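The values are calculated or read from the model by the stated rules, or taken from the named source; none is laboratory data. Everything numeric in this text was worked out from a predicted model, so none of it was measured. Positions of Cβ are backbone-derived with ideal geometry, glycine not excepted, and every protein chain shown enters the neighbour counts. Just the protein is used for accessible areas: all its heavy atoms, side chains included, with ligands, DNA and RNA removed. Shrake-Rupley method; radii C 1.70, N 1.55, O 1.52, S 1.80 Å.
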Amino acid sequence: MACNDNVIKNMANEISRNCQAVNFTVDPEFVIYLIDLLLLNPKYGKLFAKTICRSNLDFFVKECVSLLTGDETSINTLKLQYMMQTNYDKLQNLIDKHQASIDQCLKPLLTEILDDGPELEDEQAQKKLFRKISIYIILSSGLGNPGSIVTLKEGMAALESVFSLEDLKVFVTLPRSEKIPQLNELMQITSGVRLFNRDCKKGGEGIPDLPFNIIDAGKACISSLSHSLIAAMQRVNSLTTAVADTVAVDGATGNVDVLVPPTSDLTEKDYSQIFDLLAFNRQYEVFIRKLLSDVETMEQDGTKDVEKVKMVLEELHTAVKYKAAVPVATVFPLFSKLWRVWRSMQNVMFLLSTVSRLMTALAHVSDQMRIPYGLLDKMLEGKSVVTDQERMSEPVSLKERLSLGSLTYLCRDSSGEITDRQVKYLGFCALCLSVGALVPSNLKVGVIKSKGTRYGFCSVKMAARFNKDPQRYVNEILNYARNNPHVINLLNIADDMSEVKHIDNLVVKILPKKQIHDRDVQTDTHPINGYIEKDYTSNLWEWKRRACQLATIVNCQTHSTQTHYSHLRADSHTQTAPPRHRSLQTRSDAGVNTAPHHVLLWGLRGQWGDGQHAMKLGDFEEKNCE
């Protein structure tokens, strides 16, 4: 691969500069962490598979800058992971790193002590070397500050009580390889002497009261972590309840989908936002639980160390009580033992302070997250919040228990109990993870073992579907993790992602088949009245024959002929009804005929003079008749 450590470092520097250009500050080491996760996706990994092209590099840098400056929930999840990865480790590893850093700081002083060889007659040089050894022992033991005159004098007096100037002359003559073990031995004995003097109220300037502080610090740290865990679990339970019922499996294709209620105004983008918030809070929960478990172990170790210190001090007091001189072989091992127990308490205090600082940093990132309670209330409408314990212990019905017998790979251990630590993906449902929903498995259902790995499920239906094609759903989870790198380290699947980073397509989406139904539909035989032409024929030659016949008839003449039936011709008659003088009854309500006028005004038209007069119609008719 063309991307080695130097190339990735250069990419991170360029991305950091581009972020600063838009007034956004980002740690280059965090950018390197992000690049390593993004390169597990072939979409980005194959850009630099052989050679580094400037156009591909610009595209990748632009994508990273957009992701970093987008202020998305996934970036905050990656920040949590980066903080834990860089600032926390196994407890013993943290102690070893801390001691190595102290040794590295004291290395110049140690080199001066080892290389210094004053003359036997030069008493001033010998005292100077003795002073350097005292300062080295005080710094290495962590019992005060040698810059304080009281602390330095006390340290030199304790060293002089077990290591005289005559012993210093012998020390100078030793080879370099033997000086280092003797210095370590002197540091243990001298520190033990100072601790014993502190208990006797004869010194102890600058030495903290670890037996008292370690118990209070442990209780305070446990209390703070417990409150943070309770608040985180309240958010986790609400978010999980909001999305648990929305994940469903298509029985025909086996595709896992998010069912958005059709009656609400929610979208898949809203559910994706809740998925990311759930992943952030789950990651925060995992880290808080880990820190809480380690602090409980630290508190137990600190309590044991306090008891051991008391026992060693009692042994020392018993050994030196009422005695003017005590054999070196008797008391020196007790001083060394006292120092080793005190060093153990110092380590516990260092771990507690480390956890406290880390917890503060994680809480700062968590406080920046804002949950959209308006959106969450819509998703929780009609639902009651269920805790992880209730969800993981829901009973399985008898019908579902009988169906479990068909799952050939279903397994339980001899005790019938399975812990989430034995299940892949931190015990989350394998099918719900394919869409990004972190839903805890129901351990009452059991687990399915495939290729030596156990997978848990939130319901029997999910388990039955996974059992048909386990590899398909494992690939869907890996495909989702490619496009959402914040879940890679959350689910501890970085090794699985490395194995498939060269495969372009892990999942082939199965489309639902079109369903065809055979149905009978009754229709009218003849919805429109038909007409049958009696003379119709489909024979072309018949039409030609008729055409020839009609052409022949056109050229013929016709004439009338008297026949025997000609006398049957007759006149036609028509029956009529004369008009009546009376009105007839009609359907409409109308008036009847009135009596006509019997007087006529004669001479109104066509006559000159005053000859107009009224006359009866009867007289007028008679006059006209005459």
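Here are some notes:
- Sole residue being open to solvent by 100 Å² or more (accessible area, probe 1.4 Å) and either at pLDDT below 65 or assigned to a helix (DSSP H, G or I) (or both), chosen from H597, H567: H567
- Only a single item in (1) of a type outside the set (D, E, K, R); (2) more than 28 Å from L506 (Cα to Cα); (3) surrounded by fewer than 18 Cβ atoms within 10 Å (Cβ to Cβ) is not met by L57, and it is number (2).
- For the stretch 232-258, a residue qualifies if it is assigned to a helix (DSSP H, G or I) and open to solvent by less than 40 Å² (accessible area, probe 1.4 Å), and the qualifying residues are A232, M233, V236, N237, S238, L239, T240, T241, A242, V243, A244.
- Residues in the stretch 376-404 that are in a helix (DSSP H, G or I) and open to solvent by less than 30 Å² (accessible area, probe 1.4 Å): 5 in all.
- For the stretch 9-109, the helices (runs of 4 or more DSSP H) that sit wholly inside it and include 1 or more residues that are more than 25 Å from the chain's Cα centre (by Cα) are 54-69.
- Every listed requirement among (1) open to solvent by 40 Å² or more (accessible area, probe 1.4 Å); (2) under 17 Å from Y44 (Cα atoms) is met by Q471 save one, (2).
- Of all the residues in the stretch 437-453, those that are under 22 Å from the mean Cα position of the chain (by Cα) and either of a type in the set (S, T, Y) or more than 21 Å from T387 (Cβ to Cβ) (or both) number 1.
- For the stretch 353-367, a residue qualifies if it is surrounded by 11 or more Cβ atoms within 10 Å (Cβ to Cβ) and of a type in the set (S, T, N, Q), and the qualifying residues are S353, T354, S356, S366.
- Matching residues, the stretch 422-468, being open to solvent by less than 10 Å² (accessible area, probe 1.4 Å), assigned to a strand (DSSP E or B) and more than 16 Å from T240 (Cβ to Cβ): V447, I448
- One residue from A547, A551 being open to solvent by less than 100 Å² (accessible area, probe 1.4 Å), at pLDDT below 90 and assigned to a helix (DSSP H, G or I): A551
- Criterion: exposed (fewer than 12 other Cβ atoms within 10 Å of the Cβ), at pLDDT 90 or above and more than 22 Å from M345 (Cβ to Cβ) - qualifying residue of K153, K132, K97, K107: K107
- Taking the criterion of being open to solvent by 70 Å² or more (accessible area, probe 1.4 Å) and not acidic (D, E), the residues of the stretch 69-94 that qualify are Q85, T86, N87, K90, Q92.
- Some residue of the stretch 262-283 being touching a residue at least 24 places away in the same chain (Cβ under 8 Å), farther than 20 Å from Y373 by Cα and open to solvent by 20 Å² or more (accessible area, probe 1.4 Å): no
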